[in-house]
Amino acid sequence: MLPDTVPGAVDAPVVQTRLKGTMVPCDTYMVRPGWFDIFFPTNFELLQSMYNATCRAPASTAAGLGGARVCTQAEFVKQYGDLSKTATRSGENPMLEFYGNNKFLLS
């Protein structure tokens, strides 16, 4: 679920721009091209189910044993990334600590 979505729609996008350093949400996607960011939400769990059903993956494979699986940004980076290359000098790791709403569909 994304904050500040376009009202009145299911899985609506977030449309925003920056004005004098402040993010300004919009209530429509009908905006001037090139001046706005449009973020579309994805229900990864539903996408996983649809992918596995389309590929006829057995139910037992939905847990990652052959079918698609969903993981968070932190799970993905821990498994496939080099954490020493994404840590800051202060020891923080933006790839683990930020982007909490990012997910990946692995197949």
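The values are calculated or read from the model by the stated rules, or taken from the named source; none is laboratory data. The structure displayed is predicted, hence computed values, not measured ones. A quick note on method: Cβ atoms are made from the backbone with ideal geometry, for glycine too, and the neighbour counts reach across all protein chains shown. Remember, those area values only see protein heavy atoms, side chains included, never the ligands or the DNA or RNA. Shrake-Rupley method; radii C 1.70, N 1.55, O 1.52, S 1.80 Å.
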Exercise for the section: Could you list, in sequence order, all residues of segment 17-35 that are open to solvent by less than 80 Å² (accessible area, probe 1.4 Å) and touching a Ser or Thr at 6+ places or on another chain (Cβ under 9 Å)? Expected result: Met23, Val24, Pro25, Cys26, Val31
Fill in the blank from the handout: Those residues of segment 4-22 which are without any contact (Cβ under 8 Å) to a residue 12 or more places away in the chain and assigned to a loop (DSSP other than H, G, I, E, B) amount to Gly8, Ala9, Val10, Lys20, Gly21
Exercise for the section: Give the residue that is modelled with the lowest pLDDT, with candidates limited to residues of segment 24-75 that are among the hydroxyl-bearing types (Ser, Thr, Tyr) and in a helix (DSSP H, G or I). Expected result: Thr61
Exercise for the section: Give Val14, Val6, Val10 a once-over and let me know the one that is open to solvent by 90 Å² or more (accessible area, probe 1.4 Å) and either β-branched (Val, Ile, Thr) or in contact with an Asp or Glu (Cβ under 8 Å, 6 or more places away or on another chain) (or both). Expected result: Val10
Fill in the blank from the handout: Selection from segment 36-58 of residues under 12 Å from the mean Cα position of the chain (by Cα) and either open to solvent by 80 Å² or more (accessible area, probe 1.4 Å) or more than 14 Å from Ser107 (Cα to Cα) (or both) yields Phe39, Phe40, Pro41, Thr42, Asn43, Glu45
